[in-house]
Structures are given as structure tokens and as C-alpha cells.
Amino acid sequence: MTIRTTLATAAAVLTLGTAAQANTIVDIAAGDDRFTTLVAAVQAAGLAETLSGPGPFTVYAPLNDAFAALPDGTVEDLLKPENKEQLTNVLLYHVDDRKLNAVDFPSGSNYFKPVLASERLCITAADGVTIADGTGETASVVVADIEASNGVIHVIDKVLLPGDRPACH
């Protein structure tokens, strides 16, 4: 093998590796204008590197409109450096450390444990997928199964908030 062939092969491998890495959950969210608030929050919490890692992850990604529906000032308060721990907890409530496609949610209502270990979500699969959070309110999955190199994104219409264990059965 000539040096030129070896260099060309190495360049191709590096390019393919970079392309695969460019499809992480964070990269997909950052490239989609529907998630600018989520991306800002992930960066403020210092979670961008983690969610760009190998995973696998399932991220329930709230749309900008979901953040806008929170009470006035909530997002601004969460983004303050002194509230980083609270912001991190809210964001980790949206992450599962497994890759869960929509077909992986059993029919009916079942508890799922997000990365925020002390909390639970109630995910119901029946005529779509809904997610009940610690406030007892429900988010709908509006787009399921956006594939990433390190997991999957499910787009939701509400910010999930930790709290009491949701009623699930």
C-alpha cells in the first residue's frame, strides 16, 4: 500500500467517524430551530458533553413552545448560574439511559425511571404516547423516534417537571 493510499484511507475513516459523531442527540437538537431553548438549557447545565457521549440515551425533548408555556420568568430563573442544580434536575428528568423507541413502550401505562434517579415518569402507549410527570400533568409525544448516533429523541409538547410520583395505573 502506498503512502498516498494509506493517507486517503485514513482520511476517509476520519471523515466517516466525524459524520457519525455529528448525529448525536445534541447535534440534532442544535440543528433544529424548534429546540433553541432546550439547547440553551442543556448548555447552561453543562450537559452538552454528556448528551453528546456514547449513550445510549432517550431524550424527551420539549419544543420551544413548551418552555414558553411555563409561568413567566421560569426559564430565565432556571438559566441563572445559581440555579444550575435545579436546571440539571429538570433536564435529567427528560433523559433515560437506554434507547427506547416508541415500539419499546409497552401497551398501557407503565413507570419509567429517568436518569434523575429518585423520580418516575408514567408513559402511556395507546393511540400515541403520553408522559405524565411529577406535577400530574401530561405531555404528548408529537414526533417519535428521531434517530441519533447515541440514542433517540421523542419530541414533546410540555416540559416535564419532577415532583410527586405520577399516578400510573
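Just so it is clear, none of the values below were taken in a lab; they were calculated from the coordinates. Computed from a predicted structure; not experimentally measured. Note that each Cβ is placed from the backbone with ideal geometry, even for glycine, and that neighbours are counted across all protein chains shown.
Report relative contact order for the chain in percent, whole number only (criteria: Cα-Cα under 8 Å, sequence separation at least 6).
Details: 306 pairs, mean separation 41.0, N = 169.
With pairs under 8 Å counted, the relative contact order is 24 percent.
Scanning residues 5 or more positions from GLY151 or on other chains, those with amide H under 5 Å from its amide H are PHE57, with H placed 1.01 Å from N in the peptide plane. The phi torsions of region 132-145, fed into the Karplus equation with coefficients 6.51, -1.76 and 1.60 and a -60° offset, translate into couplings of 8, 10, x, 8, x, 8, 10, 9, 9, 7, 9, 9, 9, 6 Hz, rounded to whole numbers, with Gly and Pro shown as x.
Taking amide hydrogens as placed 1.01 Å from N in the peptide plane, the amide H of LYS158 sits under 5 Å from those of LEU63, SER140, each at least 5 positions away in sequence or on another chain.
Between GLY31, GLY73, GLY136, the Gaussian network model of the chain with springs among Cα atoms under 10 angstrom shows the greatest mean-square fluctuation at GLY73.
The string of couplings for region 110-115 from the Karplus curve (6.51, -1.76, 1.60, θ = phi - 60°) is 9, 6, 10, 9, x, 4 Hz, one whole number per residue in order, with x for Gly and Pro. Note on ALA69 and ASP127: their simple-model spin labels are 1.8 nm apart, each label 7 Å out from Cα toward Cβ. Under a 5 Å amide H cut-off, with hydrogens placed 1.01 Å from N, VAL129 pairs with VAL141 among residues at least 5 apart or on other chains. For ALA40 and CYS168, the FRET efficiency from 1/(1 + (r/R0)^6), where r spans their Cβ atoms and R0 equals 30 Å, is about 0.45. Helices in the chain that qualify as membrane-span-like (whole DSSP H runs, Cα extent of at least 24 Å along the helix axis, mean Kyte-Doolittle hydropathy of -0.5 or higher) are 3-21.
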